[in-house]
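Trainee: Structure below; questions to follow.
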Amino acid sequence: MTQTFLMFFQTPESVVPAFLLIVLLVILGIFLLVVAAKTIRIVPQASVMLIERLGRFSRVAASGLNIIVPFIDRPRAVFWTNTRGAMTSIDLREQYIDLPPQPVITRDNVTIHVDSVVYWQIIDPVKAVYEMNDLVGGIVQLTITGMRAVMGDMDLDHTLSQRDQINSKLRIILDEATDKWGVKVTRVDVKNINPPEDVRVTMEKQMTAERNRRALVLQAEGERQAAITRAEGEKQAAVTRSEGEKQSNILQAEGLAQARLRQAEAESQAIAQVASAMAEHGNPAQYLITTRYIESLRDMTKSNNAKVIFMPVETASMLSSVGTIKEMFSETGAKGSDDSQKPPPPRQLR
């Protein structure tokens, strides 16, 4: 029987059934490969895949090897802006969208072009796919409208100087709007703000004028501080000089007082000695007055200029005082001569 079967395939009439068998085997192999490809799904790290069963969401396939039922389960394909064709695996890493320059009108009716970068991350992939048709396009449009709303309430100067405030407001607006899409907006950065050319030239002129004004203000402030410093220095110098003059006058007055005290003490001692010497022969007060008067006359006669000397009414008494002094000196001299004419006492011989 075996030989009969082999002979059947070796006959010319058996060539067609053998070819059909080979074709069937090839088709079966291809079918098995297709089934295996649809059954085995490998998901990359930090990515997930949404599995649908008969068009209805079934489960989320995590990263690694996943087995699905062929022809019944299939991955959900998404079509988002800036993606190449259908995308079955959803990236859970933080991503960014670089927006091209967009025209924005400020509150003072100046049209500026603003480009920005939005950083976002998918938190719930189910919401990101089923709650929004085009997630990336929705984030782009939200960013543009939010930017126009935020900068439309600000003047041109504020938009150029308050970028941090603009970034914070945009992030809050986008985060609140994309929360129901399962997306977290982590950061929004405004890269460039480009005003029109004529406005830019005007701003440069304004900045130049502002810098010149600041330079003049700083120069005036420096001169004012220098004047104040000089005035303070002159004030301190005047106070120091006044203190020095005060101390000098005090010391000089103290020196004069000490000198007058010493002179008064010397005169007191001289008067006391004169009084003790003239206690028996005349009035000491009259003697002092007479001597002072004579000294005054002597000083008056030292000058070579012609002068008139007025004698006081008490000239007679003064002259009598002079006569008294003369008699006193003559008596003193007579006593001295008498004493000198007395013979010395005799010597006693032993």
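The values are calculated or read from the model by the stated rules, or taken from the named source; none is laboratory data. A quick note: this is a predicted structure, and the numbers were derived from the prediction, not measured. As a convention, Cβ positions derive from the backbone with ideal geometry for all residues, glycine included, and neighbour counts pool all protein chains shown. Surface accessibility is based on the protein's heavy atoms, side chains included, excluding ligands, DNA and RNA. Shrake-Rupley method; radii C 1.70, N 1.55, O 1.52, S 1.80 Å.
Trainee: Using +1 at the Cβ of each Lys and Arg and -1 at the Cβ of each Asp and Glu in the range 42-185, identify which of L174, N109, L92 lies farthest towards the dipole's positive end.
Mentor: L92
Trainee: Tally Lys/Arg at +1 and Asp/Glu at -1 over every other residue whose Cβ is under 14 Å from the Cβ of Q102; what's the total?
Mentor: Net charge around Q102: 0.
Trainee: Here's something else I'd like to know. At 0.36 nm per residue, minus the direct Cα-Cα distance, what do A226 and H113 gain on full extension? Give it in nm, one decimal, please.
Mentor: Working: separation 113, 0.36 × 113 = 40.68 nm, distance 4.77 nm.
That pair, A226 and H113, stretches by 35.9 nm at full extension.
Trainee: Something else about it: What is the distance, in nm, between label points placed 7 Å from the Cα along the Cα-to-Cβ direction at Q269 and at Q95?
Mentor: The two pseudo-label positions are separated by 11.9 nm.
Trainee: Still on this structure, please answer the following. Can you list residues whose amide H is under 5 Å from S63's amide H, if they're 5+ apart or on another chain and H is modeled 1.01 Å from N?
Mentor: Excluding prolines and chain starts, which carry no amide H, the hits are S47.
Trainee: Give me a comma-separated list of calculated 3J(HN,Hα) values for the range 55-69, in order, Karplus coefficients 6.51, -1.76, 1.60 applied at θ = phi - 60°, integers in Hz, x for any Gly or Pro.
Mentor: x, 10, 4, 10, 7, 10, 8, 7, 5, x, 8, 10, 10, 10, 7
Trainee: If you don't mind, another one. Tell me which residues come under 5 Å, amide H to amide H, from M154 once H is placed; ignore anything under 5 positions away on its chain.
Mentor: HN-HN under 5 Å from M154: R107.
Trainee: Could you tell me what percent of the accessible area of the range 116-271 is made up of carbon and sulfur, with a 1.4 Å probe and every protein chain present?
Mentor: Taking all protein chains in place, the range 116-271 shows 52 percent carbon and sulfur surface.
Trainee: If the chain between Q236 and I67 were fully stretched, how many nm would it gain, using 0.36 nm times the residue separation less the Cα-Cα distance? Intermediate results must be reported in sequence, preceding the final value.
Mentor: On the way: separation 169, 0.36 × 169 = 60.84 nm, distance 9.53 nm.
In short, 51.3 nm is gained.
Trainee: Using the 2.2 N^0.38 Å rule of thumb for compact globular proteins, work out how the range 19-70 stacks up: its C-alpha Rg over that value, please.
Mentor: Relative to the rule-of-thumb radius for its length, the range 19-70 sits at 1.53.
Trainee: Next question. Once fully extended, how much extra length lies between Q219 and M203, figured as 0.36 nm per residue of separation less the alpha-carbon to alpha-carbon distance?
Mentor: Full extension from Q219 to M203 adds 3.4 nm.
Trainee: Still on this structure, I have one more. Quick one: accessible area per residue over the range 50-196, 1.4 Å probe, rounded to a whole number of Å²? Don't jump to the answer; show the numbers that get you there.
Mentor: Values: 7910 Å² over 147 residues.
Result: 54 Å² per residue.
Trainee: Still on this model: What does a probe at D134 reach in the range 49-80, counting residues whose amide N is under 15 Å from the point 7 Å along Cα→Cβ?
Mentor: 78-80
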